[in-house]
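The values are calculated or read from the model by the stated rules, or taken from the named source; none is laboratory data. Fair warning: this is a prediction, and the values are worked out from it, not measured in the lab. Because the Cβ atoms are built from the backbone with ideal geometry, glycine has one as well, and the counts that use them run over all protein chains shown. The protein model used for the area step is the full one, side chains on, heavy atoms only, and it has no ligands, DNA or RNA in it. Shrake-Rupley method; radii C 1.70, N 1.55, O 1.52, S 1.80 Å.
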Amino acid sequence: KRNVMELWRNARLRPIFMISVYFMLFWDIFLVMTPIYGAELHISASAIGIIIGTYSAASFIVRIFIAPLARRFAPLQLLLMSQALGAFAMLGFGLSGTAALLIACAFVMGAGQGMGGPMVTTAVYEASPPERVSEAMGLRMSVGMACQAILPLFTGVAASATGVAPLYWITALILMFGVWQYRAQWHAHLRADSKAQGKAT
């Protein structure tokens, strides 16, 4: 009998599921905490709306370049790149004090999210056993929905204890830890790509 936890324990799928959790983390923190953070900095409501809109616009714009990027890099590589972008932008977000800087950080953050979102699905498809692709996709969606239910409550409690800016810094550290944690898979893809190019030549 097959168990869904077999997919969670799969050495190729587990990193992708965890990266999906990291994406949900910084998406929820950005969406929930940005209005509060903007109010703390005495930024107008219209400027806060522009910040959030810039994030969404960057997520849309970067998808124009997904096809050429996907031809050049493996899905896991793009996921880790986008997560690193999100980490640096989140760190800058917590250190920024003006609307202009927040807009710039939101653009970088949105670009990372927009690049990583489609790649999660691609990476799950490529890493799943052929006969269990739908099951793996369902597990990823279940993990994502659970995060969306739990993370806003967690971030609200954490922000009340530490403030909003430290919460951005902590999130940036968590994202960078995720990049460091799965760097071995990144290097494995690089070695595989170099070998494939060597054979092709």
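What is the helix-to-structure angle for 13-40, meaning the angle in degrees between its Cα long axis and the longest Cα principal axis of the chain, kept from 0 to 90 and rounded to the nearest 10? Here the helix axis deviates by roughly 10 degrees.
Candidates 7, 48, 143 compared by Cα position along the dipole of the chain: farthest toward the positive end lies 7, with charges placed on Cβ. Residues of region 9-46 with the amide nitrogen closer than 13 Å to a label point 7 Å from the Cα of residue 170, along Cα-to-Cβ, please. Only 29 fall inside the zone, counting backbone N under 13 Å. Axis of helix 99-127 versus longest Cα principal axis of the chain: the two differ by about 20°, to the nearest ten degrees.
Taking label positions 7 Å along the Cα-Cβ direction at both residue 95 and residue 9, the computed distance is 4.3 nm, reported to one decimal.
Multiplying the residue separation of residue 161 and residue 177 by 0.36 nm and removing their Cα-Cα distance gives an extension gain of 3.5 nm.
Taking the 0 to 90 degree range and rounding to the nearest ten, how far is the long axis of helix 164-181 tilted relative to the main principal axis of the chain, both from C-alpha atoms? Tilt of helix 164-181: around 10 degrees. Ordering 25, 180, 100 by Cα displacement along the dipole of the chain toward the positive end leaves 180 in first place; charges were set at the Cβ atoms of Lys, Arg (+1) and Asp, Glu (-1). Rounded, prolate or oblate: which fits region 47-98, taking a ≥ b ≥ c as square roots of the Cα gyration tensor eigenvalues, rounded meaning a/c under 1.5, else prolate when a/b beats b/c? Oblate is the answer for region 47-98, as a/c is 1.5 or above yet b/c matches or exceeds a/b. When Rg and Dmax of the Cα atoms in Å is calculated for this entry, the matching label among (1) 20.2, 69; (2) 17.9, 59; (3) 46.0, 167 is (2). Per residue, the chain exposes 51 Å² of accessible surface when a 1.4 Å probe is rolled over the protein heavy atoms with every protein chain present.
Region 109-172 and region 67-86 have their alpha-carbon centroids 16 Å apart. The share of accessible area on region 41-112 that comes from carbon and sulfur is 76 percent, using a 1.4 angstrom probe. When the alpha-carbon atoms of region 125-167 are used, the pair Rg, Dmax equals 16.1, 47 angstrom. Projecting label points 7 angstrom from Cα along Cα→Cβ for residue 46 and residue 2 puts them 5.5 nm apart. Counting only Cβ charges, +1 for Lys and Arg and -1 for Asp and Glu, the dipole size of the chain around its Cα centre is about 820 debye. Here is how the number arises for the chain: DSSP H runs of 4 or more residues each give -39500 (n - 2.57), the sum is divided by the residue count, and the result at 222 nm is -29500 deg cm²/dmol.
Counting only Cβ charges, +1 for Lys and Arg and -1 for Asp and Glu, the dipole size of region 1-83 around its Cα centre is about 680 debye. Peptide packing: for 87-97, 107-117, 129-139, 169-179, the average count of neighbouring Cβ atoms within 10 Å per residue gives the ranking 107-117, 87-97, 169-179, 129-139, highest mean first. Projecting label points 7 angstrom from Cα along Cα→Cβ for residue 69 and residue 142 puts them 3.0 nm apart. Shown here for region 1-90: trypsin sites (Lys or Arg not before Pro) in loop regions (DSSP other than H, G, I, E, B) with at most 11 other Cβ atoms within 10 Å, namely 1, 2.
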